[in-house]
Amino acid sequence: MNQYLIVGIILVVLVALLATNKKLVETLKNIYKIEELRKRILFTLGLLLIYRLGSFVTLPGIDHAGLEAFTKSFAENDNSLMGLLNIFSGGAFSQASIFALGVMPYITASIIIQLMGIMVPYFRKMQREGESGRRRMNQWTRFLTIAVLLLQGPAYLATQVIPTGAVVANGSLFGIEHGAFIVPAVIILIAGTMFIMWLGEKITDRGIGNGISLIIMIGIVARLPQAFLQEFMFQTTGGGSIIMLIVELVFLALVFMLAIAIVQAVRRIPVQYAKRIVGNKQYGGVRQYIPLKLNAANVMPIIFAQALMFIPGLIWGGQWLDITSFWYNFTLAVLVIAFTYFYTAIIINPQMMADDMKRNGGFIPGVKPGKSTVTYIDNIMTRITLPGSIFLAIITILPAIAMTIGITQSFAYFFGGTSLLIMVGVVLDTLKQIESYLLMRHYDGLMKTGRIQGRY
């Protein structure tokens, strides 16, 4: 049994589900009937295929025999920071691929620019300039991405690739040891990441869904068949049982459903707009709602916390390197909760919400405009952020719990952490876009209700 057999079994199961679900078959036919949607989906799949093929192209100057030991080292450290980078790159990081650095430098640059948009007046002004400001912010993000790559590329080669002995071209260049390999490899890595960014932008513009998010998700999903194969072999031949495997799959399905429920959950704040009569027309006088997400910070607190936990592991080692230890997971959970409040405070601005409502003649029933409205929204955000942060903390430590009860490390990672939330978030966002095309053409949506949304 191998990876391809597992993929074949999955495809057979999917075909069987299609054959027995007439509603789903009809929906797929409707998707095919909409020419624009069909072209966008095919375009997206084509660019994602290019990305996956590029992930297997190794950097020039790498000995493939020596690369095997390098790849195995990552299989043993999936939950470290390097393992996290490997997941985001779709395994290209562990294969010394031309796409090894993936989109993480771009994500890092985007986070920095977002923070500067809050703290630096120049960038704050750009954020308020609409489309022109957004284009300038994107240009700054690209420049900062290149700067991050100039630091990350040599560090990756010097600390991860060269020590393995997999490099053939070890001659010096420009006075740099191993420069004959490092200099061209850094240029290729920069070009690879910029090409991935271009693919993501093209998917966003001419495809379906968010391009960068889809690229990250497809890298995560690509690891699932191999992880499932390892777990299947362990449970059938390594002292486990098929019953345990079934229980694991049922629990995984429940975790996915819980993640979907939390990601979709919102708290609606009613907003009443005053009536205005202009000429013979009446404006306002309607009640609308401000949807506040239970998990406004999404996956960012987990990324920040895992990156920070890498530091004590390097300094003290011991239990900080053991991802299944109590103190490691306790500290990680506390950091996730703290970062959730921090990131929510950054992206949600009650003062701006209150000012926008006042400017448009809106008010929250029973709450005075101005400072009272700001306090009211802030109190609600504080209350709903607590269960959201606790949920993120539980999701973060679920892989460690799964490994403790005997699930293989590669498969346990899909029970929580960034992998789970990214997959759920990206899939829901993409399905919403597909559904909007169906509803615009007066077709039934993907759900019986005709609409994918959270319960308010």
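The values are calculated or read from the model by the stated rules, or taken from the named source; none is laboratory data. These numbers were taken from a predicted model, which means no experiment stands behind them. Positions of Cβ are backbone-derived with ideal geometry, glycine not excepted, and every protein chain shown enters the neighbour counts.
Some observations on this one:
- Residues considered: ILE452, ILE422, ILE384. Of these, the only one that is among the β-branched types (Val, Ile, Thr) and at pLDDT 80 or above is ILE384.
- Selected residue (criterion: farthest from GLU248 (Cα to Cα)) from residues of the stretch 204-230 that are modelled with pLDDT of 85 or more and not in a helix (DSSP H, G or I): GLY207
- Qualifying residue in the stretch 96-113 (condition: buried (at least 20 other Cβ atoms within 10 Å of the Cβ), modelled with pLDDT of 75 or more and at positive phi): yes
- Out of PRO369, PRO399, PRO387, sole residue that is out of contact with any Leu (no Cβ under 6 Å at 6 or more places or on another chain) and closer than 16 Å to LYS293 by Cβ: PRO387
- Positions within the stretch 169-203 being in a helix (DSSP H, G or I), of a type in the set (Val, Ile, Thr) and at pLDDT below 85, in sequence order: ILE182, VAL183
- The set of residues from the stretch 187-198 being crowded, with 22+ Cβ neighbours inside 10 Å and among the aliphatic types (A, V, I, L, M) comprises LEU189, ILE196.
- Test: residue in the stretch 396-404 that is assigned to a helix (DSSP H, G or I), touching a strand residue (DSSP E or B) at 6+ places or on another chain (Cβ under 9 Å) and not acidic (Asp, Glu): no
- Some residue of the stretch 289-304 being out of contact with any helix residue (DSSP H, G or I) (no Cβ under 7 Å at 6 or more places or on another chain), outside the structural domain of ILE113 (by TED's automatic domain parsing) and modelled with pLDDT under 75: no
- Qualifying residue in the stretch 203-222 (condition: within 18 Å of the chain's Cα centre (by Cα) and of a type in the set (D, E, K, R)): no
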